[in-house]
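Here is the structure we will look at, set down as structure tokens.
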Amino acid sequence: QDRLPDGRRRSAFLLDDAHVLLAQIHIEEKDYDKALAECRVALEFDPENVETRNLQGIALRRLGRYDEAIAVHRGILKEKPGSARFLYNLGIALDKTGATDKAEVSYRRALELRPNFAEAWYNLGICRFEKNDIAGAESDFRRAVECRAAFAEAHASLGYCLLRNRKVDEGAAELEVAE
């Protein structure tokens with residue numbers, strides 16, 4: 001069959017996929033300009049593709065174009081308000097601009113939708129740690145490692161919080177796990 005159910009030609013659909021995959025590869029290679037270029041091409045084929053737009057937001061954020069990234073993620077969330085992943089990505093971009101309180105709100109909303117989202121617990125812990133809420137950060141880092149036992153950064157951050165609270169043996173144990 002030459003056409004997809006939505007009327008698009010199958011060859012255009014495959015090209016869209018190829019450019020999205022190339023964007024993902026370029027993001028992994030930390031070549032964000034090329035990733036952004038591939039997103040632009042993919043969006044010419046399918047301007048509504050939220051996965052492509054999400055990659056675009058990630059590339060923009062990693063290029064330091066935080067306001068543009070925030071706009072992209074907010075646009076996606078208008079269509080998909082119940083997506084923990086997109087809320088999480090918005091939180092990262094907000095945090096990069098120094099809007100820590102807004103980032104926390106975004107992470108908390110993501111966690112309401114997906115309570116076992118280890119990275120969101122970790123980033124929430126980082127926000128709280130930066131605000132000198134060490135007990136809150138410790139709790140968040142604990143949740144992160146409960147969700148994903150092999151999360152080295154969360155173990156290290158938890159260990160640091162424990163050491164700050166003079167829980168030396170427990171802190172050292174967490175730092176050992178982080179190695």
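Summarising the label geometry, the points placed 7 Å from Cα in the beta-carbon direction at residue 31 and residue 163 lie 3.9 nm from one another.
Per residue, the accessible area of region 41-179 comes to 51 Å² when a 1.4 Å probe rolls over the protein heavy atoms.
Relative to the longest principal axis of the Cα atoms of the chain, helix 134-147 runs at roughly 60 degrees.
Length gained on full extension, residue 74 to residue 134, computed as 0.36 nm times the residue gap minus the Cα-Cα distance: 18.6 nm.
Quick check on the chain: take the gyration tensor over C-alpha atoms, sort the square-rooted eigenvalues as a ≥ b ≥ c, and tell me if it's rounded (a/c under 1.5), prolate or oblate. In terms of gyration-tensor shape, prolate.
Report note on the peptides 162-170, 70-78, 85-93, 50-58: ranked by the mean count of other C-beta atoms within 10 Å, highest first, their order is 85-93, 50-58, 70-78, 162-170. The accessible surface of the chain, taken with every protein chain in place and a 1.4 Å probe, is 50 percent carbon and sulfur. Seen against the Cα atoms of the chain and their longest principal axis, helix 32-45 is set at about 40 degrees.
Within the shell of other residues whose beta carbon sits under 13 angstrom from the beta carbon of residue 114, the net charge comes to +3, with Lys and Arg scored +1 and Asp and Glu -1.
The values are calculated or read from the model by the stated rules, or taken from the named source; none is laboratory data. All values reported here derive from a predicted model rather than from experimental measurement. Every residue, glycine as well, gets a Cβ built from its backbone with ideal geometry; the counts of neighbours run over all protein chains shown. These accessible areas exclude ligands, DNA and RNA; they are computed on the full protein's heavy atoms, side chains included. Shrake-Rupley method; radii C 1.70, N 1.55, O 1.52, S 1.80 Å.
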